[in-house]
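First up is the structure itself, then whatever we jot down about it.
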Amino acid sequence: MFFVEKKPTVMLLDGDYLHTLQIAAELKQDLDIKILGIGSKETSAIFRSRYCDIQDKAIYNNIDEYAEALIKLIRKHHPDIVVPVGYRSVMALDRIRDKVYCDTKMCLPPTRSLDIALNKKKTLNVAEQIGIEVPFDFSEKLLGCEDSDIISTFPYPVFLKASREAGKNITSIVKSKEEFWTKYKELKNESGGDDILVQEFIDGDNHTYGCGVLFLKGEPIEVYCHEELISVPRSGGSGTKVRLYENEELKRMSIALLSELNWNGIALVEFKKRKDGSLVLMEINPKFWASYSLASKNGYHFASLMVSGVLNIPYTRGHIRKKGIMIFPIREFSYVVKNRENESLVKSMLSMLWPPPKIDVNIRDLKAWIPDKLLHSKSKDD
């Protein structure tokens, strides 16, 4: 009698995101596994992917309902490991980690560490204690006060940001005291009443420098750096033109900060540069980053290392490239269209295409990469 060994099942969340498609492609290329793709709607990108073996849905209305939906899916499918891609899924899995069967694995940081990473003020406090440079903060001057005399002392421009991670970019550059309270209150409303940090504006090249790190069993097993040449929004957010970047100091500080937090799993640590070239910490993103395709397509296979390490299954690393540049045209085009009063489509496209980069599209999985709105409009015309 012959027994066929069962392939491990990877439950891959956040199937609406394009970088989830690259994670799926990477895992199927490197490992002998099945992908259980979880999306939020019938037209989720992962459901159209050639790399998705099984499909199911989890709709997000609020974090509690989403967490319960994930528990039900785990109990239904019994995956070997659950891999979150976005912020909401990381938060939901953290809530249910003790309610999941022990034979379903997760690769998450400790709850306390995750809480610090999601609270930007706490993150900066920890970083400062271990000697990492952080932005000067003016937030405490505003406590219980809307005094115009106080805001007139700020060295404009200043940078405003929500103090807690919200799964979206809640930031603004304030150029004068006349616009301060308007933008401050806008961010306060957008964040749902969260505290707003008032920081110095880092006056360097306006690029964001990220260091992706994977920790397993207390050790960093993969490290990679990138430089966001163009981002949306322009003050910093998700990169739309990103290049590989080698900087040992960036790696050292990122590993030191995550080590201080007893980290486990994936994270992207982000910095800005001053005019003198010194690096200043911005935040920790405890998840896969939107420009992950640049890392993956240049040999930095964080997802495969994570899954193979947790499940103890074979994986052979491939060749790693040290130089590369990639554009994310769908994200860039969407931003320009939404902000057409302040953006030039021609200028945007020229800045994207020179020097010639790789494009964040998988030709072998093209149907999944086409925006579902275009597919819908086509089916209606037919």
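See the values below:
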item: Theoretical gain in end-to-end length, residue 136 to residue 358 [0.36 nm per residue, Cα-Cα removed]; result: 76.2 nm
item: Value of D in µm² per second that Stokes-Einstein yields for the range 229-302, Kirkwood Rh from Cα pairs, at 4 °C (1.567 mPa s); result: 96
item: Sequence of 102, 52, 225 once ranked by neighbouring C-beta atoms within 10 Å, starting from the fewest; result: 102, 225, 52
item: Theoretical gain in end-to-end length, residue 176 to residue 333 [0.36 nm per residue, Cα-Cα removed]; result: 53.5 nm
item: Cα-based radius of gyration of the range 208-369 once divided by 2.2 N^0.38 Å, which approximates compact folds; result: 1.09
item: Listed values (i) 76, 44, 41; (ii) 83, 50, 42; (iii) 61, 59, 44, entry calculated as Cα extents along the principal axes in Å; result: (ii)
item: Relative exposure of 207, 319, 77, 301, judged by other C-beta atoms within 10 Å (fewest first); result: 319, 77, 207, 301
item: 333, 328 arranged by Cβ crowding within 10 Å, fewest neighbours leading; result: 333, 328
item: Qualifying GluC sites (Glu not before Pro) in the range 299-348, DSSP loop, other Cβ atoms within 10 Å at most 16; result: 341, 343
item: Where labels lie 7 Å past Cα in the beta-carbon direction, separation of residue 68 and residue 54 in nm; result: 2.3
item: Directionally averaged projected area (convex hull, Cα atoms, the range 152-302), nm²; result: 9.4
item: Cross-link pairs beyond the 22 Å C-alpha cut-off, checked among 34/251; 28/323; 272/358; 121/273; 122/322; 34/76; result: 34/251; 28/323; 272/358; 122/322
item: Chymotrypsin sites (Phe, Trp or Tyr not before Pro) restricted to DSSP loop in the range 1-86 with at most 15 other C-beta within 10 Å; result: 2, 3
item: Residue-averaged [θ]222 nm for the chain, counting only DSSP H segments that reach four residues, each worth -39500 (n - 2.57); result: -10000 deg cm²/dmol
item: Net dipole in debye of the chain [+1 Lys, Arg Cβ; -1 Asp, Glu Cβ; about Cα centre; nearest 20]; result: 1140
item: Full-stretch length increase - residue 278, residue 312 - with 0.36 nm per residue and alpha-carbon distance subtracted; result: 8.3 nm
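Values quoted throughout were computed directly from the atomic coordinates according to the rules given, and no laboratory measurement underlies them. Just so we're clear, the structure is a prediction, and the values are computed from it rather than from any experiment. Quick reminder, even Gly has a Cβ in these numbers, built from the backbone with ideal geometry, and neighbours come from all protein chains shown.
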